[in-house]
Amino acid sequence: MNVDTIFTASEIATPENKLLKGKEMQDIVVIKDGAVAVDNGKIIDFGKENEIRSKYSGEIISFEGKTMLPGFVDPHTHLVFSGTRENELIMKLKGKKYLEILKEGGGIQYTVERTRAASKSKLKKEAEKRLDNMLKNGTTTIEAKSGYGLNRKDEIKSLEILKEMKHDVDIIPTFLVHAIPKESNEKDYIDLCIDMLDEIKERDLAEFVDIFCEKDVFSVQESERFFEAAKKKGFKLRIHADEIEDTGGAELAAKLNARSADHLLKASDKGLKMMATNNIVATLLPGTPFSLFTDFPNARKIIDLDLPVALATDLNPNCYTESLQFIFSLAVFKMKMLPEECISSIKNGAYSLDRNIGCIDRGVNADLVVMDIPNHRHIGYRFGVNLVGTVIKNGAIVWESI
Ligand code: NIG
Ligand code: FE
């Protein structure tokens, strides 16, 4: 059979095409001297190079000595913002806590002021640069949240940007209820957000909703009220849960069948077990404690409790990285996750986003990353440089290192 392209590599490493819970995350598919046959932007077949080459003919692109993986999926980013916070890093270095800075009008509020003031084209340009960095670092699909507008006009502005942006990185938009605006209060802001849901739905500006359910931010009760309204209108749910204190966010995620609960540093065992029962993805964001000088989530315990774990950058002005490679290194060195579990996390992230991507399988979009490493065990192990050599999106090479 004739196909557009056959990509060959010294190793192909991919998660299986299913949700990977607990121990299952260790079992990935590894093919030495492998090949992927691609036609019309889709993976037609994959396997040993000699088998694929005997079954198919087409242009052959070889990546000798390199490892091919599915394109990375980043299921938690705050892509659209203006107002970087390098000065707050100095405050944090001197001992100030994240919630103290937020209470004093800094943190998210600082970024909100600048995001509100920024034009759409300025915000777009900044977001595009971040997307370029993501692509170079192997990411081919992201979830991206609004959340630095905190009023109707500026939340819609952020969501419009996400919808209008054209980039090789696919963007899945989320309406995030992120903080209580200075000029409002918890109840009124939730009322406003509930009121905005109709417009967001009608204009197809978001597929998911999210809320920062946290002490001194949004209570579980108000989060539930917002989620119930959003669910009724057909939005899928994600939640910033139990990051700084346990407020029952994991339980809420399980109760309302969220697609993902994120952070989870302080989540109770009860909440985590409820999530495992309901197949809710635990999205861990080790870049955040890294930039807050706090403890890392207990990934080993979460995996032992049979949860499916995804990994994300949480890209935001407090935790400013576009690189999932760096996140994999933090996962390995700070949360003791295996390289195989990092690879499986890509599929779980895709699952949480309700997309059939994040793996190399027949019929799946040919989104592939070629890393300049001899085998997948170098994932995480090598850090601080970009090991991505080539990024393939829908079957076409969209980025190559020189
Ligand atoms: O996921 N926790 C809330 N939101 C972000 C931080 C956003 C910010 O500090 O600007 C997070 O860590
Ligand atoms: Fe976040």
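The values are calculated or read from the model by the stated rules, or taken from the named source; none is laboratory data. All figures in this text were calculated on a predicted structure; none of them were measured in a lab. A quick note on method: Cβ atoms are made from the backbone with ideal geometry, for glycine too, and the neighbour counts reach across all protein chains shown.
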Q. Pick from Leu131, Leu150: which is within 13 Å of ligand 1 (Cβ to nearest atom), of a type in the set (A, V, I, L, M) and in contact (Cβ under 8 Å) with a residue 24 or more places away in the chain?
A. Leu150
Q. Scanning segment 175-209 for residues that are within 16 Å of ligand 2 (Cβ to nearest atom) and among the aromatic types (Phe, Trp, Tyr), which turns out surrounded by the fewest Cβ atoms within 10 Å (Cβ to Cβ)?
A. Phe208
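Given the criteria in a strand (DSSP E or B), aliphatic (A, V, I, L, M) and in contact with a Leu (Cβ under 7 Å, 6 or more places away or on another chain), does Ala258 qualify? Lay out the reasoning, then the answer.
Numbers: in a strand (DSSP E or B): no; aliphatic (A, V, I, L, M): yes; in contact with a Leu (Cβ under 7 Å, 6 or more places away or on another chain): yes.
It is false that Ala258 is in a strand (DSSP E or B), aliphatic (A, V, I, L, M) and in contact with a Leu (Cβ under 7 Å, 6 or more places away or on another chain).
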Q) Got at least one residue in segment 220-233 being of a type in the set (Lys, Arg), free of Cβ contacts under 8 Å to residues at least 40 places away in the same chain, within 16 Å of ligand 2 (Cβ to nearest atom) and on the phi < 0 side of the Ramachandran plot? A) no
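Is it fair to say Ala258 is within 23 Å of Asp74 (Cβ to Cβ) and away from ligand 2 (no atom under 16 Å from the Cβ)?
Against the criterion (within 23 Å of Asp74 (Cβ to Cβ) and away from ligand 2 (no atom under 16 Å from the Cβ)), Ala258 does not qualify.
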Q. If you go through segment 259-283 one residue at a time, how many are of a type in the set (A, V, I, L, M, F, W, C) and within 16 Å of ligand 1 (Cβ to nearest atom)?
A. 6
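Based on this model, can you work out whether Ile392 counts as at pLDDT below 95 and closer than 28 Å to His167 by Cα?
Details: at pLDDT below 95: no; closer than 28 Å to His167 by Cα: yes.
Against the criterion (at pLDDT below 95 and closer than 28 Å to His167 by Cα), Ile392 does not qualify.
Could you grab me the full set of residues in segment 220-245 that are within 15 Å of ligand 1 (Cβ to nearest atom) and either acidic (Asp, Glu) or part of a loop (DSSP other than H, G, I, E, B) (or both)? Steps first, please.
Quick first cut of segment 220-245, residues within 15 Å of ligand 1 (Cβ to nearest atom) only: 223, 238-245.
Correct list: Asp242, Glu243, Ile244, Glu245.
Let me confirm something: among Glu88, Glu64, which residue is more than 30 Å from Ser158 (Cβ to Cβ) and either in contact with a strand residue (DSSP E or B) (Cβ under 6 Å, 6 or more places away or on another chain) or at pLDDT 95 or above (or both)? Don't jump to the end; show me each part of the working.
Details: Glu88 fails: more than 30 Å from Ser158 (Cβ to Cβ).
The conditions single out Glu64.
Would you check if Ile327 is under 12 Å from the mean Cα position of the chain (by Cα) and of a type in the set (A, V, I, L, M)? Spell out how you get there, then give the answer.
Values: under 12 Å from the mean Cα position of the chain (by Cα): yes; of a type in the set (A, V, I, L, M): yes.
Answer is yes for this residue.
Filter segment 171-200 down to residues that are of a type in the set (D, E, K, R) and free of Cβ contacts under 8 Å to residues at least 60 places away in the same chain and give me whichever is farthest from ligand 1 (Cβ to nearest atom).
Asp198
Listed residues Pro297, Pro317, Pro286; which is within 16 Å of ligand 1 (Cβ to nearest atom) and surrounded by fewer than 24 Cβ atoms within 10 Å (Cβ to Cβ)? Working first, answer last.
On the way: Pro297 fails: surrounded by fewer than 24 Cβ atoms within 10 Å (Cβ to Cβ); Pro286 fails: surrounded by fewer than 24 Cβ atoms within 10 Å (Cβ to Cβ).
Only one candidate passes the filter, namely Pro317.
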Q: Collect the residues in segment 207-217 that are at pLDDT 95 or above and over 14 Å from Thr77 (Cα atoms), keeping them in residue-number order.
A: Glu207, Cys213, Glu214
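Among the helices (runs of 4 or more DSSP H) confined wholly to segment 281-397, which include 1 or more residues that are free of Cβ contacts under 8 Å to residues at least 24 places away in the same chain and not basic (Lys, Arg)? Walk me through it before giving the result.
Working: elements: 287-292, 299-304, 324-335, 339-352.
Qualifying helices (runs of 4 or more DSSP H): none found.
Within the bounds of segment 268-276, is there any residue that is under 20 Å from His378 (Cβ atoms), crowded, with 19+ Cβ neighbours inside 10 Å and assigned by TED's automatic domain parsing to the domain that holds His76?
As a first pass, look at segment 268-276 and keep what is under 20 Å from His378 (Cβ atoms): none.
There is no residue in segment 268-276 that is under 20 Å from His378 (Cβ atoms), crowded, with 19+ Cβ neighbours inside 10 Å and assigned by TED's automatic domain parsing to the domain that holds His76.
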Q. Out of all the residues in segment 1-22, which are over 15 Å from Asp39 (Cα atoms) and in a strand (DSSP E or B)?
A. Ala9, Ser10, Glu11, Ile12, Ala13, Thr14
